[in-house]
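A short reminder: the numbers here are calculations on the coordinates, not readings from a lab. In this text the structure is predicted, and so the values were computed from the model without any measurement. Every residue, glycine among them, receives a Cβ derived from its backbone with ideal geometry; neighbour counts consider all protein chains shown.
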Amino acid sequence: MMESNLQRFNSFVNEFLDKDNTYRQQIENFQLYLKVYNLEDRVFNLYETNIDDFFEYAFKQNIGTDAQLTSHIAALKSLFGFLISKNQKFSELNGYISTAAFKNKFLDRVDRSFSKKFLPMELVNQVLCSIDAYIDKSRNDTFKKQLDESLYLDILIARLFIKLSLIIPLKTSQILELVLGDVKSDNFRFINYNHVRIKIPNNLRKDIIFTIEYTEKRYGIGYKEENKIFDYLYSSGNKKGKREGINNTLPRVYERLGLNEMLEMVSVGKKNRYLYPAESYKRTAIYNMLRNGANIVYLVELTGLDIQTLLTDFEYDGLNSRDVDLNLNNSLLACDYYEYL
């Protein structure tokens, strides 16, 4: 039986996502759009207007910020680039969405200030100190209520999620998929991601080991090297799925610890959203790494995101013009050809 256009397209999509699932959610949104708009039979013969319609559809569903708009564009660029490599005719559409004009026509539809929010260092330190203090104070407690015990595991999960996000600036879904390996080994000092080795601070290593040993002892479920760490923790405590879980876990932890700033809400379109959602820690890490001189090419290698997506989270308004001038001119002075020029 001859394969339909939809089957062939979905086969390409599955192959693409097997290699890189960075934009899984956005790609799945695109597949749903094709179904809703009855475009599945002509998926290999789409027009620019169909792409416009997809973004109109996505704005009604889940685009509310500049970062979300950028990630949807990056998702289609990645998918179309893959399809082009498979000799499919998506070059014109890829060129269409790659222009600045394409993004600019949607910018008045998004909340740009919201998407740039990152955590001030004072607030980062307050969150980390509050979580560490609670865990240290409660580590020898015998919980009489199941709710208290469940909350303690929530706080352990939140601590690892936050600290890992601050040293490995990945999307929330990528952090939740991390496999740490043999964490109890004396040789465990690095986390490998996208062929990049990130050194783990010793205190974080101790936090990881403590969390696993607590979970093994309390719930009687052994940790294995191949476990995704958050899969293991959530399933051990009979909690809900990771993505739904972390978006509920963090607010519960903030509320219990009295971290009211982390519970601040803002209106984005017709919805109220947290000012500092889970991915704020990723944004904070990228912001500080760039300020401290990280090569953005290396960040692209680590995160798998494109440069435009990375810079969406950077607070340009905070740049000091004198610092910019000094940095750029010093870098020019270091070029071998500058003296000749």
Largest first, please: the extent of the C-alpha atoms of region 5-110 along each principal axis, to the nearest Å. 36, 25, 24
Enter the mean projected area of the convex hull around the alpha-carbon atoms of region 47-99, in nm², rounded to one decimal. 3.5 nm²
ASN238 to GLU301: FRET efficiency via 1/(1 + (r/R0)^6), r the Cβ-Cβ distance, R0 35 Å, to the nearest 0.05? 0.40
Residue-wise, which Karplus ³J(HN,Hα) couplings in Hz belong to region 273-282, taking 6.51 cos²θ - 1.76 cosθ + 1.60, θ = phi - 60°, and x for glycine or proline? 10, 5, 4, 10, x, 4, 6, 4, 5, 4
Quick one: if you stick a label point 7 Å off each Cα along the C-beta vector at GLN146 and ASP20, how many nm between them? 4.5 nm
Output ³J(HN,Hα) for region 149-156: one whole-Hz value per residue in order, computed from phi by the Karplus curve 6.51 cos²θ - 1.76 cosθ + 1.60 with θ = phi - 60°, and x for Gly and Pro. 5, 5, 5, 4, 5, 4, 5, 4
Compute the Rg to Rh ratio over region 121-263 from the alpha carbon atoms, using the Kirkwood formula for Rh, and round to two decimal places. 0.93
Once the cut-off is 14 Å, how many percent of the Cα-Cα pairs in region 193-238 end up in the long-distance tail? 56 percent
FRET efficiency, LYS217 to GLU255 (Cβ-Cβ, R0 25 Å, nearest 0.05): 0.40
So what's region 35-75 giving for Cα Rg divided by 2.2 N^0.38 Å, two decimals? 1.23
Could you sort 160-167, 174-181, 146-153 so that the peptide with the highest average Cβ count within 10 Å comes first and the rest follow in order? 160-167, 174-181, 146-153
Given charges of +1 on the Cβ of Lys and Arg and -1 on the Cβ of Asp and Glu, with all other atoms neutral, how large is the dipole of region 121-263 about its Cα centre, in debye to the nearest 20? 140 debye
At R0 = 35 Å, FRET efficiency that the Cβ-Cβ distance of ALA294 and ASP108 yields, to 0.05: 0.65
Selection from ASN194, SER150, GLY237 lying farthest towards where the dipole of region 121-263 points positive, charges on Cβ: ASN194
Once fully extended, how much extra length lies between VAL36 and ASN247, figured as 0.36 nm per residue of separation less the alpha-carbon to alpha-carbon distance? 73.2 nm
How much of the pair distance distribution for region 60-198 lies past 22 Å, counting alpha-carbon pairs only, in percent? 63 percent
Collect residues whose amide H, placed 1.01 Å from N in the peptide plane, falls under 5 Å from the amide H of TYR23; neighbours closer than 5 in sequence don't count. none
What's the exposure ranking of HIS72, HIS195, going from fewest to most Cβ atoms within 10 Å? HIS195, HIS72
